[in-house]
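Q: One structure follows; several queries about it will come next.
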């Protein structure tokens, strides 16, 4: 194995990151940019590994390493995009200080849920039928279920409570 092969997952991550920036600046939504860039980065890693003559175990290892790096990058973006704590800290940094009433007016539970529902609707992850919300697409639901399962397997517990209708 040479140095190029050893760093294939890192090169894939660099391509992933650059493509997210490019696609986002071209007007594609952040979520779609992240998905498309991840797929391209994975394709680059697999193709480079394949054409360098790697056997199946190396292809699998390269793919898993890239997936782990891509997962970390996704959550890095997600933290800055949606985390209330990050946004609140940035607002305090920009404004110096905020009264509790100002913070509560900016971060009301209703507004937060409205924003999240709007994002889920725009991305086709949920749909509204007769005034009720239903699953619209299964990709994010699958990821959520997989993460809950992994948390249960690795940590023996989850912090998710699913309640019936």
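Q: Would it be correct to say that residue 120 is touching a residue at least 12 places away in the same chain (Cβ under 8 Å) and either surrounded by 10 or more Cβ atoms within 10 Å (Cβ to Cβ) or in contact with a strand residue (DSSP E or B) (Cβ under 8 Å, 6 or more places away or on another chain) (or both)?
A: Yes.
Q: Within the stretch 29-38, is even one residue modelled with pLDDT under 90, closer than 17 Å to residue 78 by Cβ and outside any helix (DSSP H, G or I)?
A: yes
Q: Consider residue 161 carefully, then state whether it is loosely packed, with under 12 Cβ neighbours inside 10 Å, over 19 Å from residue 78 (Cβ atoms) and modelled with pLDDT of 85 or more.
A: no
Q: Taking the stretch 78-108 as the region of interest, how many residues are surrounded by fewer than 11 Cβ atoms within 10 Å (Cβ to Cβ) and at pLDDT 80 or above?
A: Total satisfying the criteria: 6.
Q: Also, I was wondering about something else. Any idea how many residues of the stretch 49-64 are assigned to a helix (DSSP H, G or I) and surrounded by fewer than 17 Cβ atoms within 10 Å (Cβ to Cβ)?
A: First, the residues of the stretch 49-64 that are assigned to a helix (DSSP H, G or I): 49-51, 56-64.
With the extra rule that they be surrounded by fewer than 17 Cβ atoms within 10 Å (Cβ to Cβ), the set shrinks to 50-51, 56-61, 64.
Counting residues in the stretch 49-64 that are assigned to a helix (DSSP H, G or I) and surrounded by fewer than 17 Cβ atoms within 10 Å (Cβ to Cβ) gives 9.
The values are calculated or read from the model by the stated rules, or taken from the named source; none is laboratory data. Here the structure is a predicted model, which means the values were calculated and not measured. Using ideal geometry, Cβ is built from the backbone for each residue, glycine included, and neighbour counts are taken over all protein chains shown.
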